[in-house]
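The values are calculated or read from the model by the stated rules, or taken from the named source; none is laboratory data. The shown structure was predicted, so the numbers you read here are calculated from the model rather than taken from an experiment. Here the Cβ positions follow ideal geometry from the backbone for every residue, glycine too, while neighbour counts run over all protein chains shown. Ligands, DNA and RNA are excluded from the accessible area calculation, which covers all protein heavy atoms including side chains. Shrake-Rupley method; radii C 1.70, N 1.55, O 1.52, S 1.80 Å.
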Amino acid sequence: MKLWRVNFPSLLCIGGIYLYTLSSVFCQHQTIQTPPQKVLDSILQYYSLSNQDSLSLSKRLQFASSFLKGAKSYQQDSLLYIGLMRKTKLLGKAKMYDSAIVYSNRLYDFAEKNGDTIYILKAFTKLGIYHKNNNQLSKAFQYYNNAFKISRLINDSIQAGKSLLQMANIQNFSGDYSGSKNTAIDGLKYIENTSDLRSISGLYHVISVANFEQKNYEEAFKYNSKALTLARDSVSISFIKMSNVLMFKNAKALFLANTSNYKQAISILKTLVSDSIVINDKIEYARVLGNMGYIQWFQNPLNKNSEVLLLKARDIRKKAENTEGLIASNIYLTKYYFNKNKVKALQYAEEAYQNALQLKSLTSIIEALGYIFQLKENTNAEAKVFNETYLKLQEINQSNREIYAVTKYENDKLTNENLVLKAATAKKERQKIIYLFGTIILLLGGGLIFYLSNQRYKREKIRDVFNAETRISKKIHDELANDVYNVMTRIQNNTDNHEVLDKLENIYGRTRDISREHNSFDTGANYLHELRGMLSSYSANDVKIIIKNIDDIKWQTITPEKKIVVHRIIQELMVNMKKHSQAGLVAITFKKKNKHIEISYADNGVGVSKNEILYSSGLQNAENRIKTIHGSFIFESEKGKGFKAKIHFPS
C-alpha cells in the first residue's frame with residue numbers, strides 16, 4: 001500500500017490556484033451582474049464631488065480626472081464633453097494655465113472629430129481665455145478670432161460680441177487703442193440690442209478707455225456714462241459683476257483727474273473706499289486707495305497723505321500677490337518720487353519692471369523701462385530689452401490687426417452675400433406671393449363667373465318654364481277651349497243629348513282652369529296685386545281665404561325669378577286645396593326673418609296621407625321649383641287633420 005505525501009508548500013500552491021479561480025469566477029459574475037446604471041451613478045458621483053466648493057482645488061481636480069477616466073470607459077460623448085469642460089475650468093481656477101490649454105486642446109480635438117460646432121466654439125473660447133491669462137496675447141487673440149468666426153457662421157450674435165470684446169481688451173492691453181476701439185464698435189453691432197448687458201457695458205468701457213488714451217475726452221466720458229447707466233439700473237446689477245461697476249467708477253475718477261476735475265474724482269473715490277463691498281475685496285480696495293493717493297498727489301504734489309495711501313495700496317497688493325496691481329502701485333510711486341527722491345523712484349521703477357517681466361506684460365515693461373532710462377545712468381541691457389519688447393509689441397499689434405482685418409473682410413463678404421441672398425430670396429418670395437395671389441384671383445374670378453353664369457342659367461330656366469306655361473295656357477284658352485265650345489254649340493243645335501253636353505261643358509271648364517293656372521302675370525311693380533288677386537280668386541261662399549302680412553314683404557327687392565317660383569307654388573297649393581281638401585278655411589301668412597322669407601299655409605280640409613303626398617306630382621313640382629332658388633318646401637298632413645306647408649327661401 002502506497003501512502004500519498006503532500007508537502008505544505010504544494011498544498012499552499014494548489015489552494016492558491018483554487019482560490020484564484022474562485023475569485024476570478026466571482027469577479028466575472030459580479031461584473032456581469034453590475035447594471036450599467038450603477039456604473040454611471042458611480043461616475044457621476046465623481047463629477048458631483050468635483051463641483052464641491054468646500055473641497056480643495058487639488059481634490060476637485062482628482063475627482064474631475066476620475067470622472068474623465070470613467071467617462072472614457074463608458075464611451076458617452078456627452079460625459080466626455082462635460083468632463084473636459086470641468087477639468088479645464090478647475091485648472092484655470094488653479095492658475096495652471098499650461099495644463100488648462102492642454103485639456104482645452106483635447107476638447108477641441110474631440111469636438112472636431114465629432115463635427116460638434118458648439119463645442120468647437122467652447123474650445124476656442126477656453127483657449128483664448130487661458131492663453132490670455134498666460135500672457136500669450138497673440139495666441140489668445142487668434143483663438144478668440146476663431147471663436148468669433150464660428151459664432152458668426154452659426155448666427156450666435158451674443159457669442160460673436162463676447163469674442164470681439166475679448167479681442168478688443170487684448171488690443172487695449174497691448175496699447176493698440178485705435179484697433180481696440182474699432183473692434184469694440186464692431187462688437188456692439190452684434191449685441192447692443194440683446195440682453196447681454198455685461199458684455200455691452202464691457203464694450204462701452206473699452207471704447208471709453210481707448211478714447212481717453214487718444215485724448216478724445218468727450219467720447220471717453222460719453223461711453224463711460226453709458227457703461228455706468230447700465231450698472232445703475234437695478235435689473236442690470238444682476239447681469240453685471242460688481243467688480244465691473246467699480247472698474248467703471250474708477251475709470252471715471254481717472255478721466256476726471258486727467259481733465260483737472262480733481263474734486264469730483266476724489267469724491268467718487270471717497271464714496272468707493274467706504275463701500276463695504278470694496279472694503280471686503282482687498283484687490284479692489286488697494287486699487288481705490290492707490291488711485292486716490294495718485295489723484296491727490298496730482299492735485300497737490302505737497303499732499304503728504306498721498307504717500308501714505310500709495311504705500312498702503314502697494315503693501316496690500318504685495319500681500320495678496322497681485323502682480324498686475326503691484327505694477328500700477330510701483331509706477332505711481334515712481335512718479336511720486338521722481339522729482340523728490342531719485343533713488344526711491346528708480347527702486348520702484350525697477351520693481352515695476354520686474355513685475356512686468358513676471359507678468360509678461362509688454363506694455364508695462366516698456367512703461368517701466370521708460371522711467372528707468374530717465375533715472376539710471378548705464379541702461380545698455382535695459383535698452384536692448386526695450387527695443388526687443390517694443391518691436392515684439394508692434395509685431396503683435398500688427399499681427400492682431402491683420403488677423404481681424406482678414407476676418408472682418410470675410411465677415412463683410414459673408415454679410416454682403418447674405419444680403420444678396422436675402423434680397424434674392426425676398427424677390428422669389430414676392431414672386432411666389434404674386435403668383436399665389438394671381439392664382440387665387442383667377443380661381444375666385446373663375447368661381448364668380450361660374451356662379452354668376454349658373455345663377456343666370458337658373459333664372460333663364462325659370463323664365464323659360466314660365467314662358468312655356470304661359471304659351472301652353474294661351475294655346476289651351478285660345479284653341480282647345482274654343483274648339484270644345486264650338487263642338488258644344490253644334491251639338492246643342494242638332495241634338496237634345498244633354499248628357500253629352502254636360503260632359504263637354506265639364507271638359508271646357510277644366511281647360512279654362514288649366515289656362516287660368518298657367519296664365520302670365522306681372523313680376524314687376526304690380527306683383528303684390530297679382531299675387532293677392534290670385535289668392536282671392538280661390539275664395540268662394542264655401543271657402544274663406546285669410547291672407548296675413550302680405551304687405552310686410554318688400555316684394556320690389558325680390559328678383560322676378562323668385563316671384564315666379566313663389567307664385568306658382570302658392571298657386572299649386574290653392575289648386576290642390578280646391579280640388580281635394582274640401583276645406584272651408586285657408587290661412588296664408590307671410591313673414592320676413594333676417595334675410596329670409598317664410599310663407600305658411602294651413603287649411604282645415606280632409607288632409608291627405610304621407611303616401612298620397614309622395615305621389616302627388618303637383619307637390620313634387622312645387623318642391624323642385626323651390627330648390628331652384630335655394631329654398632325649402634316642407635309640408636305635413638294626416639287624414640282628417642287638414643294640410644299644412646311652409647315655404648322658406650332667401651330674400
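Given a 1.4 Å probe and the protein chains as shown, PHE298 ends up with an accessible area of around 80 Å².
On a per residue basis, the convex hull of the C-alpha atoms belonging to region 321-372 measures out at 56 Å³. Considering only VAL273, LEU254, VAL288, and ranking their Cα positions along the charge dipole of region 221-328 that arises from unit charges at the beta-carbon of Lys, Arg, Asp and Glu, the one farthest toward the positive end is LEU254.
Each of ILE120, LEU91, SER104 was placed along the dipole of region 85-125 (beta-carbon charges, centred on the mean Cα), and the one lying farthest toward the positive end is LEU91. Couplings for region 287-299, taken from phi via the Karplus curve 6.51 cos²θ - 1.76 cosθ + 1.60 with θ = phi - 60°, read 5, 5, 4, x, 5, 5, x, 5, 5, 4, 5, 4, 5 Hz in order; Gly and Pro are left as x.
Too long at a 20 Å Cα-Cα cut-off: which of LYS312/LYS335; LYS122/LYS162; LYS87/LYS318?
LYS87/LYS318
Among 625-633, 140-148, the peptide with the highest mean count of other Cβ atoms within 10 Å heads the list, and the full ranking is 140-148, 625-633.
Taking amide H atoms as placed 1.01 Å from N in the peptide plane, the amide H of LEU585 lies under 5 Å from those of LYS544, ASN604, each 5 or more residues away in sequence or on another chain.
Shown here is the pair-distance distribution of region 543-651: with all Cα-Cα distances grouped in 5 Å bins from zero up to the longest one, the shares run 2, 12, 24, 25, 19, 12, 6, 1 percent. Sorting VAL586, VAL406 by solvent-accessible area of protein heavy atoms yields VAL406, VAL586, largest first, with a 1.4 Å probe. 3J(HN,Hα) couplings calculated from phi for region 249-256 with the Karplus curve 6.51 cos²θ - 1.76 cosθ + 1.60 (θ = phi - 60°) are, in sequence order, 5, 4, 4, 4, 4, 5, 4, 5 Hz; Gly and Pro show x. Applying the Karplus relation 6.51 cos²θ - 1.76 cosθ + 1.60 with θ = phi - 60° to region 396-407 yields 3J(HN,Hα) values of 4, 4, 5, 4, 4, 5, 5, 4, 6, 4, 5, 4 Hz, where x marks Gly and Pro. Using only the Cα atoms of region 139-180, build the gyration tensor, take square roots of its eigenvalues as a ≥ b ≥ c, and label the shape rounded, prolate or oblate: rounded if a/c is under 1.5, else prolate if a/b is larger than b/c, else oblate. Prolate, since a/c reaches 1.5 and a/b exceeds b/c. Inverting the pair-averaged 1/r between distinct Cα atoms of region 265-349 gives 12.8 Å as its Kirkwood hydrodynamic radius. With a cut-off of 19 Å on the backbone N, the residues of region 551-565 near the modelled label site 7 Å out from ALA587 along Cα-Cβ are 551-553.
Rounded to the nearest 5, the antiparallel percentage of DSSP beta bridges internal to region 533-605 is 65%. About its Cα centre, region 271-319 has a charge dipole of approximately 240 debye under the convention of +1 per Lys or Arg Cβ and -1 per Asp or Glu Cβ, with nothing else charged. Here region 269-330 and region 89-108 have alpha carbon centers that stand 33 Å from each other.
Once the Cβ-Cβ distance of ASP98 and ASN193 is raised to the sixth power relative to R0 = 60 Å, the FRET efficiency obtained is 0.95. Residues whose amide H comes within less than 5 Å of that of HIS596, counting only those at least five positions distant or on another chain, are SER651 (H built at 1.01 Å from N in the peptide plane).
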